[in-house]
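Participant: Below: one structure in structure tokens.
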Amino acid sequence: MTIEGHTSTASRTDEAIHSRAPAELAVRLDGVTKHFGGDAGRRVAAATGAAAGEAVVAVDGIDLEIRDGEFFSMLGPSGSGKTTTLRMIAGFERPTTGRILLHGQDVTTVPPFERDVNTVFQDYALFPHMTVEDNVAYGLMVRKVPKAERAMRVRDALAMVRLDGYERRRPGHLSGGQRQRVALARALVNRPRVLLLDEPLGALDLKLREEMQIELKAIQQEVGITFIYVTHDQQEALTMSDRLAVFNRGRIEQVGTPADVYERPATRFVAGFVGTSNLLTGDTVRTVLGTGGTFTVRPEKIRLADPGFSHGPDEASATGTIREVVYLGPDTRYIVALDAGGELVVTQQNLETSSMEALSAKGRLVRLVWKRQHNLPVGEG
Amino acid sequence: MTSTDARPTGNSMRRLAGWLDRHARVRLAMLLAAPMGWLVVAYLGSLTLLFLNAFWSRDPFTGQVVREFTPNNFVEILTNPLYRTVTLRTVAMAVAVTLTCAVIAFPIAYYMARVASSRTKGLLAVAVVMPLWASYLVKAYTWRLILSNDGVLNWLLSPLGLRGPGLGDNVIGLWLVFTYLWLPYMILPLYAGLERIPGSLLEASADLGGRGLTTFRRVIFPLVVPALVAGSIFTFSLTLGDYIAPSLVTTTQFIGNLIFLNFGVPDLPFAAALSIVPLVIVVVYLLVARRMGAFQAL
Ligand SMILES: Nc1ncnc2c1ncn2[C@@H]1O[C@H](COP(=O)(O)OP(=O)(O)O)[C@@H](O)[C@H]1O
Ligand SMILES: [Mg+2]
């Protein structure tokens, strides 16, 4: 089912996935676009002679390959087209142009009930008039799976999401976390080859969210099917995914492993959205690094030192004033205004610093020091 | 109440307002006094009178109401086959009208709630509500004209060699009239009920392999049953109690016109007792409807 030795997501590199021969594709998107309101807009425009302009371009020419068995995330800000893309894979929306292939088969015009994918909806979409058991059994019942097998599979699915004993409850009498599990069981019980999840943890509180992240990942490795996971939370995408795509305004800015995307952001947008942006641009780059272009430095890679500190040959440094201090518990975030212009965010673990010491640093002159290898060049996007 | 140094004229008003603010029950009582009074006097009062009357009798010689308790009216209603027949006929009519309204209203409400664009939706809503603006009496009379021997219906049907139900003693015309009259009362709650079903439930059903018909049978219909029952409360009870439409379009008797015939001169206590019959039927109907969740759907 899953490959041995891949317990940690972050360590699972691109190479590891490539080594699975042959790397079969679960999903392929071929130049997919989606416009909303376009037809009506054109018709009205034709009738009135006005220019058509009402169409919303939700997805704007996406090419994407998702491999069989991987945990793939779609990350991006609200309105960037993630849900629309997911809904096109599920079959709820038809692309305006382009093709969608599931396991090599063109399903662009195939209705949802004939696709071998299942969805965990953001609002869970549990049937309120059915018990937990009937909700989970729905897909099997509709597909006429024999009663005995149905009961067994429902029991297994509920056990997998640790909801045994809740069979006769109604969704209305469950907590948010439990409903989420029912939704998951209802989808997984059908053994789809691809599971689509649209911000499934969005409505849960932080603690439950973190628990469910671990559990979801474990379930994915246990069942070994492809998960396509939509989220706007970069932390979630980085911790859970084998690979992820960063969406912006209906386009994909970068596809890669979490390490790729975090350490080698392809565009300025990716640098800013995944992690804190900390961009060095224009004159600042020339003064501080002595070259041109745009770079980003992750806040945790930068040290705070005295202004007089002399740095090593493989290090870069810049002087500045601490403009703001944000105490975060385990670490502290300093916002430093550089003498060369611009700002950098620095996070430091509170190893020995107390909150008092950290907060009193505001206004102090400092020198920021970091290894040159942590200057990440950013493409102009 | 911190700014007690305000203008002296406003002071007592402010004091009162503050006192009321702290005594929520008194405030509520003052607010509800008038409507509650109306409800008690006009509704419960007349209902009590009706109930008392039902157990009195009429002196056959003087025509005066004798205010002494007697169950005779009810004994008469329960034993005389005429009343049983009329009651059953009226209930059957109410059931038939309710079913017909449901069958016609469902597609219309479904189209309004889940298919039509918001513009079409608005137009349809107006079209459904519009007949309610016209007088009931006018509409009933109009149907008399439509159904009469040389009316519009027969004129339309004659090229096909057919004839409409006519007015006489048959009840088909009445069934048509009732269905027409009460249809909006079925469409509106159904429309609201269908509109309330989240689209994601229908998508979830399709996602799990359910085709249109399965989704309708397993998801849409069960979820809209409370709204359907809510609508049927209107169509059922309105049909049960009506006496004008039956007297206009058929010569056959229904509870409504029997009560009306006994009203005033002939036998007021008996009319009251007869009125209890549809009342009891509707109360039973409401109890069943409540069990089916109809009141949450209203
Ligand atoms: N049914 C729709 N009708 C019109 N516009 C839509 C519809 N669905 C999505 N959009 C638009 O498409 C864009 C992308 O939306 P969505 O895919 O939901 O983004 P995300 O899931 O990344 O937040 C948004 O601008 C949104 O307003
Ligand atoms: Mg979304």
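Bear in mind that the values in this text are calculations on the coordinates, not laboratory data. What you see is a predicted model, and the numbers here were worked out from it, not measured in a lab. We place every Cβ from the backbone using ideal geometry, glycine too, and count neighbours over all the protein chains shown.
Participant: To make sure I understand, if each residue's beta carbon is the centre and we count other beta carbons within 10 Å, what order do A:PHE309, A:PHE295 fall in, fewest to most?
Facilitator: Ranked by crowding around the Cβ, least crowded first: A:PHE309, A:PHE295.
Participant: If you build a Gaussian network model of chain B, linking Cα atoms that sit under 10 Å apart, which residue out of B:TYR136, B:TYR43, B:TYR243 swings the most?
Facilitator: Among B:TYR136, B:TYR43, B:TYR243, the largest mean-square fluctuation in the Gaussian network model of chain B belongs to B:TYR43.
Participant: Rounded to the nearest 500, what is the 222 nm mean residue ellipticity of chain A from helices alone, with -39500 (n - 2.57) per DSSP H run of 4+ residues and division by all residues?
Facilitator: -8500 deg cm²/dmol
Participant: Here is a further query. Of B:VAL128, B:PRO266, B:ILE281, which is farthest on the positive side of the dipole of region B:76-297, counting Cα position, with +1 on Lys and Arg Cβ, -1 on Asp and Glu Cβ, and the Cα centre as origin?
Facilitator: B:VAL128
Participant: Still on this structure, please answer the following. With both bridge residues required to lie in chain A, what share of the DSSP beta bridges run antiparallel, to the nearest 5%?
Facilitator: So the antiparallel bridges in chain A amount to around 70 percent.
Participant: How big is region B:76-297 in terms of Cα radius of gyration and Dmax, in angstroms?
Facilitator: Cα radius of gyration and Dmax of region B:76-297 are 20.2, 67 Å respectively.
Participant: While we're on this one: Place +1 on the Cβ of every Lys and Arg and -1 on the Cβ of every Asp and Glu in the protein assembly as shown, take the dipole about the Cα centre, and give the residue among A:ILE89, B:LEU167, A:PHE247 whose Cα lies farthest towards its positive end.
Facilitator: The one lying farthest along the dipole's positive direction is B:LEU167.
Participant: Rounded to whole Hz and in sequence order, give me ³J(HN,Hα) for region A:358-373 from the Karplus expression 6.51 cos²θ - 1.76 cosθ + 1.60, θ = phi - 60°, writing x for Gly and Pro.
Facilitator: 4, 5, 6, 6, 4, x, 6, 7, 9, 10, 9, 10, 8, 5, 4, 5
Participant: Counting only residues 5 or more places away or on other chains, whose amide H sits under 5 Å from the amide H of A:ARG364 once H atoms are built in the peptide plane?
Facilitator: A:ILE322
Participant: Highest GNM mean-square fluctuation, chain A, Cα pairs closer than 10 Å: which of A:LEU208, A:LEU188, A:LEU196?
Facilitator: In this elastic network of chain A, the residue with the biggest mean-square fluctuation among A:LEU208, A:LEU188, A:LEU196 is A:LEU208.
Participant: So if I place +1 on the C-beta of Lys and Arg and -1 on the C-beta of Asp and Glu, and nothing else carries charge, what would the dipole magnitude of the protein assembly as shown be about its Cα centre? I want it in debye, nearest 20.
Facilitator: So the magnitude is around 1660 debye.
Participant: Here's a follow-up. Within chain B, which complete DSSP H helices have Cα atoms spanning at least 30 Å along the helix axis and a mean Kyte-Doolittle hydropathy of 0.0 or higher?
Facilitator: Passing helices, by number: B:81-110, B:172-196, B:268-291.
Participant: Treating only the Cβ atoms of Lys and Arg (+1) and Asp and Glu (-1) as charged, compute the dipole magnitude of region A:295-343 about its Cα centre; round to the nearest 20 debye.
Facilitator: Approximately 120 debye in magnitude.
Participant: Still on this structure, please answer the following. What is the mean number of Cβ atoms from other protein chains located within 10 Å of the Cβ atom of each residue in peptide A:134-143, rounded to a whole number?
Facilitator: Mean inter-chain Cβ contacts per residue within 10 Å come to 4.
Participant: Shifting gears a bit: Output wanted: per-residue J couplings in Hz (rounded whole) for region A:168-185, from phi through Karplus 6.51 cos²θ - 1.76 cosθ + 1.60, θ = phi - 60°, x for Gly and Pro.
Facilitator: Couplings: 8, 6, 9, x, x, 9, 10, 6, x, x, 5, 4, 4, 5, 4, 4, 5, 5 Hz.
Participant: Which percent, to the nearest 5, of DSSP beta bridges fully inside the protein assembly as shown are antiparallel?
Facilitator: Counting only bridges with both partners in the protein assembly as shown, antiparallel ones make up about 75 percent.
Participant: How about B:LYS121: which lysines have a C-alpha closer than 29 Å to its C-alpha, ignoring those fewer than 8 places off in the same chain?
Facilitator: The qualifying lysines are A:LYS34, B:LYS139.
Participant: May I pose another question? Please rank A:ASP30, B:ASP169, fewest neighbouring Cβ atoms within 10 Å first, as an exposure proxy.
Facilitator: B:ASP169, A:ASP30
Participant: Hey, another quick one. With θ set to phi - 60°, apply the Karplus curve 6.51 cos²θ - 1.76 cosθ + 1.60 along region A:230-244 and write out the HN-Hα couplings as whole Hz, x wherever there is a Gly or Pro.
Facilitator: 9, 7, 10, 9, 4, 4, 4, 5, 5, 6, 9, 7, 7, 9, 9
Participant: Tell me the angle of helix A:38-48 to the major Cα principal axis of chain A, expressed in degrees between 0 and 90 and rounded to the nearest ten.
Facilitator: Compared with the principal axis, the helix lies near 90 degrees.
Participant: How well do other chains shield peptide B:209-222, expressed as the mean number of their Cβ atoms within 10 Å of each residue Cβ?
Facilitator: Average per residue, whole number: 4.
Participant: Under 10 Å, Cα contacts only: if you run a Gaussian network model on chain A, which one of A:THR291, A:THR267, A:THR226 comes out with the highest mean-square fluctuation?
Facilitator: Comparing A:THR291, A:THR267, A:THR226 in the GNM, the peak value goes to A:THR291.
Participant: To the nearest 20 debye, what is the magnitude of the charge dipole of chain A about its Cα centre, counting +1 on the Cβ of each Lys and Arg and -1 on the Cβ of each Asp and Glu?
Facilitator: Here the size comes out at about 860 debye.
Participant: Percent of Cα-Cα pairs more than 49 Å apart in the protein assembly as shown, please.
Facilitator: 44 percent
Participant: What is the sum of charges, Lys and Arg at +1 and Asp and Glu at -1, for the other residues whose Cβ falls under 13 Å from the Cβ of A:LEU195?
Facilitator: -1
Participant: Of A:LEU338, A:LEU376, A:ALA185, which is farthest along the charge dipole of the protein assembly as shown in the positive direction, counting Lys and Arg as +1 and Asp and Glu as -1 at C-beta?
Facilitator: So the residue we want is A:ALA185.
Participant: Still on this model: Determine, for A:GLU114, A:GLU236, B:GLU68, A:GLU167, the number of other Cβ atoms within 10 Å of each Cβ, and report the residues in order from fewest to most.
Facilitator: Fewest to most other Cβ atoms nearby, the residues stand as B:GLU68, A:GLU114, A:GLU167, A:GLU236.
Participant: Give me, ordered by chain and number, the residues 5 or more places off A:ASP331 or on other chains with an amide H under 5 Å from its own placed amide H.
Facilitator: Sorted by chain and number, the residues that satisfy this are A:ASN350.
Participant: Taking chain A, how much of its Cα-Cα pair set, in percent, is spaced more than 26 angstrom apart?
Facilitator: Looking at chain A, the distances longer than 26 Å represent 61 percent of pairs.
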